[in-house]
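Novice: Mind having a look at this structure? Questions to follow.
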Amino acid sequence: MNLTATASSMIIDFHVDIAKWFRADESLSKDQLLQYFSADFHMEGPGGNTMGLSELAAWLPVAQGSRPDIVITIDKLEVFSTFHHTLAYYEEKQEMKDKTTVRRSSAVFRMEDGKLKWWQLKEEWI
């Protein structure tokens, strides 16, 4: 498995899927979104809020359809891999009719049962 290519695809695919979830324009299940993440997933958002997988799972139904005009783009993606971990840096732009935000993200992926899973995520405003 090419971990660098897999992590790059996961980042792009997840952001395509979460944008669809925010727009409620495609029938995705919560489980389809959660499949990207480790059971030990932990994130720190740009405002300092933290969440694990259970909090993410509880937040998803609230977020579904909450941003009907959102467009998410990923830029400056850099990915580095070892045998078991992959580190990614990227910028995420969220554009809505009345607001645009940009954040820088650092993500760590790890191998679990032969699959690459999103393990850690740190975001900060740009």
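Yes/no matrix, rows are residues, columns are (1) of a type in the set (Val, Ile, Thr); (2) closer than 29 Å to residue 114 by Cα; (3) out of contact with any helix residue (DSSP H, G or I) (no Cβ under 9 Å at 6 or more places or on another chain); (4) exposed (fewer than 14 other Cβ atoms within 10 Å of the Cβ):
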position: 32; (1), (2), (3), (4): no, yes, no, yes
position: 64; (1), (2), (3), (4): no, no, no, no
position: 67; (1), (2), (3), (4): no, no, no, no
position: 70; (1), (2), (3), (4): yes, no, no, no
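Novice: OK, next. Would you confirm whether any residue within segment 95-106 is closer than 15 Å to residue 42 by Cα and at pLDDT 95 or above?
Specialist: The answer is yes, given that some residue of segment 95-106 is closer than 15 Å to residue 42 by Cα and at pLDDT 95 or above.
Novice: Tell me the residue from 106, 81 that is of a type in the set (S, T, N, Q), over 15 Å from the mean Cα position of the chain (by Cα) and surrounded by 13 or more Cβ atoms within 10 Å (Cβ to Cβ), please.
Specialist: Numbers: 106 fails: over 15 Å from the mean Cα position of the chain (by Cα).
Selected residue: 81, the only one of 106, 81 that is of a type in the set (S, T, N, Q), over 15 Å from the mean Cα position of the chain (by Cα) and surrounded by 13 or more Cβ atoms within 10 Å (Cβ to Cβ).
Novice: Would a scan of segment 1-11 turn up a residue that is touching a residue at least 12 places away in the same chain (Cβ under 8 Å), surrounded by fewer than 16 Cβ atoms within 10 Å (Cβ to Cβ), in a loop (DSSP other than H, G, I, E, B) and of a type in the set (A, V, I, L, M)?
Specialist: yes
The values are calculated or read from the model by the stated rules, or taken from the named source; none is laboratory data. Quick caveat, the model's predicted, so the values are computed rather than measured. Virtual Cβ from ideal backbone geometry, glycine too; neighbours counted across all protein chains shown.
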